[in-house]
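Structure first, commentary second.
The values are calculated or read from the model by the stated rules, or taken from the named source; none is laboratory data. In this text, all values refer to a predicted model and were calculated from it rather than measured experimentally. With ideal geometry, Cβ positions are generated from the backbone for all residues, glycine too; neighbour counts draw on all protein chains shown. In case anyone asks, the SASA skips ligands and DNA or RNA and just uses the protein heavy atoms, side chains included. Shrake-Rupley method; radii C 1.70, N 1.55, O 1.52, S 1.80 Å.
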Amino acid sequence: MLQWWESDRRADLDGRVRQKASTSDLLFDVATVIAHVSSAVTLLPGDLIRTGTPTGTGTGHEREMPPRSTTQVISVIRGIGELRNAVMRPGSQ
């Protein structure tokens, strides 16, 4: 059985997979990352530690386009859930 700290993670932009990797591919294991961050700040329930992906930022895909104000970013961690964010231009609420 896969544990939450060994999960696959994915980042989609407008429904297209831009990043996909496993937490087991990170340079440091999840416990080490949490220990390091918590030595500097107090972590509370619901806090997120964003590490990026071990495979990079999606370079090598088709021509990179900057996000538009309508771009939907979905971060998924299998077994935990997903976080959806809409890109907004500064001052456009």
* Structure fact -> Taking 29-39, 70-80 and ranking on average Cβ neighbours within 10 Å, highest first, one gets 70-80, 29-39
* **Computed accessible area, Asp8, all protein chains, 1.4 angstrom probe, square angstrom** => 60 Å²
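Compute the length gained on full extension between Ala40 and Ile77: take 0.36 nm times their separation in residues and subtract their Cα-Cα distance, giving the result in nm to one decimal.
On the way: separation 37, 0.36 × 37 = 13.32 nm, distance 2.49 nm.
Working it through step by step, the gained length comes to 10.8 nm.
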* Describe numerically, in nm with one decimal, the distance between label points set 7 Å from Cα along Cα→Cβ at Asp8 and at Val87. => 2.5 nm
